[in-house]
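Everything on this sheet refers to the single structure shown next.
The values are calculated or read from the model by the stated rules, or taken from the named source; none is laboratory data. The shown structure was predicted, so the numbers you read here are calculated from the model rather than taken from an experiment. Cβ placement follows ideal geometry from the backbone for every residue including glycine, while neighbour counts extend to all protein chains displayed. With ligands, DNA and RNA removed, areas are computed over all heavy atoms of the protein, side chains included. Shrake-Rupley method; radii C 1.70, N 1.55, O 1.52, S 1.80 Å.
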Amino acid sequence: MKKIMTALTLGALIGTVAFADVDINLGFRQRANMYYNHEGTGKLFNTDIYADNGTDNFTFGLSGDIASFDLVLVSDEKKTDQIRAKKAVGSLYLGNLTLQAGVADDGLATGAYRVTSDNGNLEGVDWEWKKMGSGFSKSPSKFVDNPVMPVNAADKSYFAGGSWKQKFSNGALDFKAFYITNEWAGKTNAASDKADGSGSWQGHTVSFLANYLNDDLGQGEVVFKVGQTSNKSLKTEEDLTAMAFGLYLQPKIVNPLILTVGGAGSVVDSKFTDWSVDLRARVQVIPSKLGVTFYTSFSALTSDGEGLIKNDAERGIANCVDSKTGVPTVNMKGTAIKRDKLWVNNLMIRYKMNSTVNFIAVASNMNGFGKVDGVDKDYDAHVQLRFSGWTQFFASGSASVMVGVVAAIDDVANYAKADNHKSTWYWGVPVIFRVTF
């Protein structure tokens, strides 16, 4: 916190001299469980499903007529005595052209196609743990509408590029193009598939994104990325060429409804590896009071994809469990579902009673079907369920507390089998505290 306060003071001094507008915020977010029960074993005040829950967050913005700079510093979630730059982006405005460069861990996706206006302070498994694009963690089209995300996993990515905005009489076109370079902390050990610390692997990606908005019809987005990917799933450092592409539409139908429909695909080493489709909708049932958001997404590997990407799904929505003891692990990020087909659904209802109290209910499921490493598992689906209800209290415009009740089951299909009790269930009472200055 001392380092963040020092950065705050220095940033304010520089900003007031060089730029017309200075925006500074200091925030803190903490999530923990007041109570947690795993298959009859209860614990008070234990680790929540989120690993590394506390986050100091310092945002610093400078803006002028021709340039701006945005900085987000966070205390490192794994080493709380360190600070890292979650975002450091400089922008130069030249008429319709905007040039940008820097680092952005959360990317530069606008979020318009994901419809997240009801999520409150929820993140991850309790809300939008599935972005637009593939549900497989090593897919080039994972989080495909993020224009500064490369076609391969990376510890850190750096980008340079820009956007061109052109207005028309009945809409506008926003075209983005970026070059991205990224690295891993160490080279991959072929035997263990883990970084051995002997160096860093550099990857390169070029991404293009065009978003067209029509005042009468709605909007549409086209994405294309091409670059290098290190095929870690085959435990080799061979550099392969990968491509990702996506198309999403948000048509205007009726005023209370925001509808998004589209899909994405990937190509690795000239082979079509995986595809995904998304359908998302938000309805403002009662203006300024009741909102309902739903999304469903299906991802599948092709026969080539199972060899090049493997069926390594994004983290699940139920806790990781130690394979030997059957007890939830300390850093519970959700058990990944390893199937070559993945179907996820999420329904959220948010009711704003007044300016002080909101109520949120969330129901989610994550279903894996098909093969595991080439073996057909169609009749042994891996299903996870998660339900939660929350009350959000606003102490002021800058502080809020959320108290919830969460219940989840992993591997539902096996839960009722006494002779094969692989499934696990848990419930807890998490609390999220958030404040900004």
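Scanning the stretch 130-143 for residues that are touching a strand residue (DSSP E or B) at 6+ places or on another chain (Cβ under 8 Å) and closer than 25 Å to I360 by Cβ turns up K130, M132, G135.
Filtered by the rule that a residue be farther than 11 Å from G220 by Cβ and surrounded by 14 or more Cβ atoms within 10 Å (Cβ to Cβ), the stretch 250-265 gives K252, I258, L259, G263, A264, G265. Tally time: how many residues in the stretch 266-275 are open to solvent by 20 Å² or more (accessible area, probe 1.4 Å) and in contact with a Pro (Cβ under 9 Å, 6 or more places away or on another chain)? Going through the stretch 266-275 one residue at a time, the tally reaches 1. When residues in the stretch 375-388 are screened for being part of a strand (DSSP E or B) and surrounded by 15 or more Cβ atoms within 10 Å (Cβ to Cβ), 7 of them pass. L249 passes every criterion in (1) modelled with pLDDT of 95 or more; (2) of a type in the set (A, V, I, L, M); (3) not in a strand (DSSP E or B) apart from (3).
Results for (1) in contact with a Gly (Cβ under 9 Å, 6 or more places away or on another chain); (2) open to solvent by less than 30 Å² (accessible area, probe 1.4 Å); (3) at pLDDT below 85, shown as yes or no for each residue.
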site: D373; (1), (2), (3): no, no, yes
site: W390; (1), (2), (3): yes, yes, no
site: I409; (1), (2), (3): no, no, no
site: V412; (1), (2), (3): no, no, yes
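Considering the stretch 8-49, the residues that are open to solvent by less than 20 Å² (accessible area, probe 1.4 Å) and over 18 Å from V429 (Cβ atoms) include one that is modelled with the highest pLDDT, namely G27.
Per this entry, G162 is counted among residues that are farther than 16 Å from E221 by Cα, modelled with pLDDT of 90 or more and part of a strand (DSSP E or B). Every test in (1) part of a strand (DSSP E or B); (2) open to solvent by 40 Å² or more (accessible area, probe 1.4 Å) is passed by D278 save one, and that test is (2). The residues listed here are K377, K422, K352, K341; of these, the one that is farther than 30 Å from T436 by Cβ and at pLDDT 90 or above is K341. All conditions but one from (1) in contact (Cβ under 8 Å) with a residue 24 or more places away in the chain; (2) assigned to a strand (DSSP E or B) apply to S288; the one that does not is (2).
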